[in-house]
Structures are given as structure tokens and as C-alpha cells.
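Readers should treat all values here as calculations from the given coordinates under stated rules, not as data from a laboratory. Quantities reported herein were computed from a predicted structural model and do not represent experimental measurements. Please note: Cβ atoms are built from the backbone with ideal geometry, for glycine as well, and neighbour counts cover all protein chains shown.
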């Protein structure tokens, strides 16, 4: 029903939980607090219930039943624990953990559908840097921007103007550029294609 995998991106540990989309959430209630059991049953969507429960199951394996708290824009944290970032994809959830600095992490399924909306999030420079007709490359850009947005934790960021992904000689390492107050800040990201998904995380502190 569940399969866990652990990956390492330099200073960041990536913990993945694969699950079958038809699992019964009640079989996992031992991994939830009473408050979480009550809350998950308020969701109307079975998919949302499963994502919530799978996330808490992985959380319990990593940290015990410590409450995941969320900021106003949805950034997760666990009191007295390391820096974390959480993402969901198709039948998979992930928690990234870093001991030393804040991180942004994202999972995205690879699909040609991303090509239909690329004009909405590609920065003008990215058209020159990347093969923007390649669904894997474009998914990497989208995933990296989701990770950058989670890292910055600020509203009002425009993906097509304030974020851009610059390649390096290492095909798995990128430089994320974030524009705030007319200045560009930089952070390194690692992005890989893995089992039909893109896994992306920042791997260094934001250059401020």
C-alpha cells in the first residue's frame, strides 16, 4: 500500500512516500493525532484526504506525531525541528528536510500538458536557455519556480517576471533567480527526472 524512498540532494534529505490511490484512510489513523483524524474527515475530496493522511504517515515516521503548522501562505513547519518543505504529486507525497537553512521543494508529474500553459510562467530569458518544446525541461522550470516560491514565502511574485531558472554545466544543477525590490537574488537548485516525476529542491541558502 505504501512504499518509502529516501534520496539525498547535497545538504537536503528528500523523503518520498508512494501510495496506492485506493487506500482506505482509516487504516492509517494510528499515524494521526485525534485532531488530525477529525480534520481530515472534513475534506469532501477523497484525493485530498489521502494526500493529508499520507503526509502525516510520513511525518510520523520522520518526526513522530508532531503537528505540521502552516504560515499564512501555506509554508509548513514543525516546532523545534529542522527546516522542511512538503509537496504532493500523483500518488506520491514528499517531505524535504534540511538542518542548516530554509528550503523550497517540489514534485511534479511529467506531462505534455505543461506545454499548453508555458507562456504563462516562462521568463523571456528562459526561451533562450532551455528547450521550451521539451515537456521534461518545461516541467523542470515549472517545478523549480514552485520550489522558489515556497522558499521565498512572499505573496505577489509573478512566475514569468520575478523568477527564472538558469542552467549550469551540470545538467541536474540550476541557478534560481528571484527578483524582489528590483534586485535579483540567487539560489542553487537540484532537479532530477525520477520515476515519471520531476523532483526539485533548493540545495543552498538564498544569496542575500
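Give the distance, in whole Å, between the Cα centre of region 1-54 and the Cα centre of region 153-182.
30
Can you pull the semi-axes for region 102-208, root of five times each eigenvalue of the Cα gyration tensor, sorted largest first, whole Å?
20, 15, 13
Per residue, how big is the convex hull around the C-alpha atoms of region 115-160? Give it to me in cubic angstrom, could you?
Each residue corresponds to 69 Å³ of Cα convex hull volume.
When the chain is modelled as a GNM with alpha-carbon springs shorter than 10 Å, which of 59, 177, 116 fluctuates the most?
116
As a footprinting exposure proxy, order 164, 82, 169, 145 by other Cβ within 10 Å, with the fewest listed first.
If I rank by nearby Cβ atoms, fewest first, I get 169, 82, 164, 145.
Please work out the FRET efficiency for the pair residue 157 and residue 10, using the Cβ-Cβ distance as r and a Förster radius of 30 Å; give the result to the nearest 0.05.
E(calc), rounded to 0.05, equals 0.75.
If neighbour count is taken as other Cβ atoms inside 10 Å, put 122, 7 in order from fewest to most.
Going from least to most buried by this count: 7, 122.
From the alpha carbon gyration tensor of the chain, can you work out the equivalent ellipsoid semi-axes (sqrt of 5 times each eigenvalue) and give them in Å, largest to smallest?
Three semi-axes, in Å: 30, 19, 16.
So between residue 136 and residue 73, what do we pick up on full extension, going 0.36 nm a residue minus the alpha carbon distance?
Roughly 19.9 nm would be gained on extension.
Which of 174, 19, 83, 70 has the fewest other C-beta atoms within 10 Å, and how do the rest follow up to the most?
If I rank by nearby Cβ atoms, fewest first, I get 70, 83, 19, 174.
Report the extension gain between residue 42 and residue 27 in nm, rounded to one decimal, defined as 0.36 nm multiplied by the number of residues separating them, less their alpha carbon distance. Kindly include the intermediate steps, with their values, before the conclusion.
On the way: separation 15, 0.36 × 15 = 5.40 nm, distance 1.73 nm.
Length gained, residue 42 through residue 27: 3.7 nm.
Dividing the convex hull volume of the alpha carbon atoms of region 1-104 by its residue count, what do you get in Å³ per residue?
Convex hull of Cα atoms, per residue: 106 Å³.
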